Structure formats: structure tokens, C-alpha cells
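Presented below is the structure to which this report refers.
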Amino acid sequence: MKAKLLSITAALFFIIAIWACNKDSAGPKINFSLKSVNATTFSQGQTLKFTFSFTPKTTANDTLFVARKFITCPYITTDTTKFSFPEWDNTAKGELIYSFQYGGGGIYNGCVSNTGFTRTDSLNYFFWVKDKDGNVSDTVMSPKIILLK
């Protein structure tokens with residue numbers, strides 16, 4: 001009985017040690033946060049501007065992911081797109097501005113049906129960063145954004 005208990009205890013410690021080593025070998029955490037958004041209600045043709053800060057620095061070939069989730073739009077549930085970072089100077093902290101014109105087509109439109117019917121709706125944007133080494137930030141959610149018809 002003592003031998004079985006000793007074997008189980010040893011196996012448990014071995015599994016915990018392997019898990020701890022693998023966890024420590026993960027890359028650096030990307031601290032990514034939303035600093036500001038220029039407004040929360042937009043008419044067609046206005047520019048939405050999201051400003052983020054992050055550490056450690058990112059480099060070219062890192063990626064910003066953007067997902068939008070409409071609250072009541074019956075035509076669109078969730079969709080995601082991604083953008084590669086441009087290359088910039090070698091700093092420890094960064095600021096990223098993601099902006100677009102509402103109504104500019106594709107993911108920049110609001111709640112639009114396949115037949116072109118539009119309606120006012122609200123949504124949240126979700127953002128995260130993945131660096132070229134595979135490290136991923138936490139997801140950041142925007143405040144509720146209202147896109148007017």
C-alpha cells in the first residue's frame with residue numbers, strides 16, 4: 001500500500017514539474033490595453049479611432065486581430081479580420097492607432113443585409129495582438145459603439 005502511495009505521489013510531482021517547466025518556457029506576455037476611442041456614436045462617413053498601448057514592443061510581421069460583435073443586428077453575428085504591423089523604431093513600449101471610416105465598405109459598414117437594407121445598431125469591437133513568435137495578448141473589448149443608419 002505504501003509503495004502504491006509513494007508511486008502515485010512521485011508521478012504527481014513529476015507531472016506538476018513538467019507542467020511548470022512548460023509554463024515557464026512560454027514567451028513574454030504582451031500587455032495590450034485600449035487607451036481611448038474618439039466617440040461611441042458614429043454617423044456614416046465618420047472616422048472611428050481606437051488608440052492602444054502595449055509592451056513589450058512589437059515588430060513587423062506581428063498581427064492585430066479585430067473582431068466585431070453586433071448586439072441586435074440579425075444579419076451579422078461576429079466577423080474577424082487581421083492586419084500586419086508596420087515596422088517602426090526599437091522602443092520598449094508602443095502605441096497603436098487603428099482607425100477607419102464607418103461606411104467605407106466590407107467590415108467598415110454597419111448592420112447591412114444582403115439586399116442592402118441598413119439599420120442603426122450597436123456593437124463591441126474586440127482586439128488582440130499576436131507576435132511573430134506566437135505570443136498572444138489578452139483580448140481587449142471596446143465600449144459599446146453605436147453605428148447610426
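Rule-based calculations on the coordinates, nothing more; no lab input. All values reported here derive from a predicted model rather than from experimental measurement. No Cβ is skipped: glycine too gets one built from the backbone with ideal geometry, and neighbour counts run over all protein chains shown.
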Next item on the list: Quote to one decimal, in nm, the extra length available between ASN124 and VAL140 on full extension: 0.36 nm per residue of separation minus the C-alpha distance between them.
Entry: 4.7 nm
Check: What is the distance, in nm, between label points placed 7 Å from the Cα along the Cα-to-Cβ direction at LYS149 and at SER43?
Finding: 1.6
Notebook entry, point to check: Quick one: Karplus J couplings for the stretch 102-119, per residue in order, coefficients 6.51, -1.76, 1.60, θ = phi - 60°, nearest Hz, x for Gly and Pro?
Noted result: 5, x, x, x, x, 6, 8, 8, x, 7, 10, 7, 5, 8, x, 5, 10, 8
Check: How long, wide and thick is the stretch 28-147, going by the Cα atoms along their three principal axes, in whole angstroms, largest first?
Finding: 46, 25, 21
Check: Mind checking the dipole of the stretch 28-147: about its Cα centre, +1 per Lys or Arg Cβ, -1 per Asp or Glu Cβ, Debye to the nearest 20?
Finding: 240
Notebook entry, point to check: What is the order of ARG68, ARG119, fewest Cβ neighbours within 10 Å to most?
Noted result: ARG119, ARG68
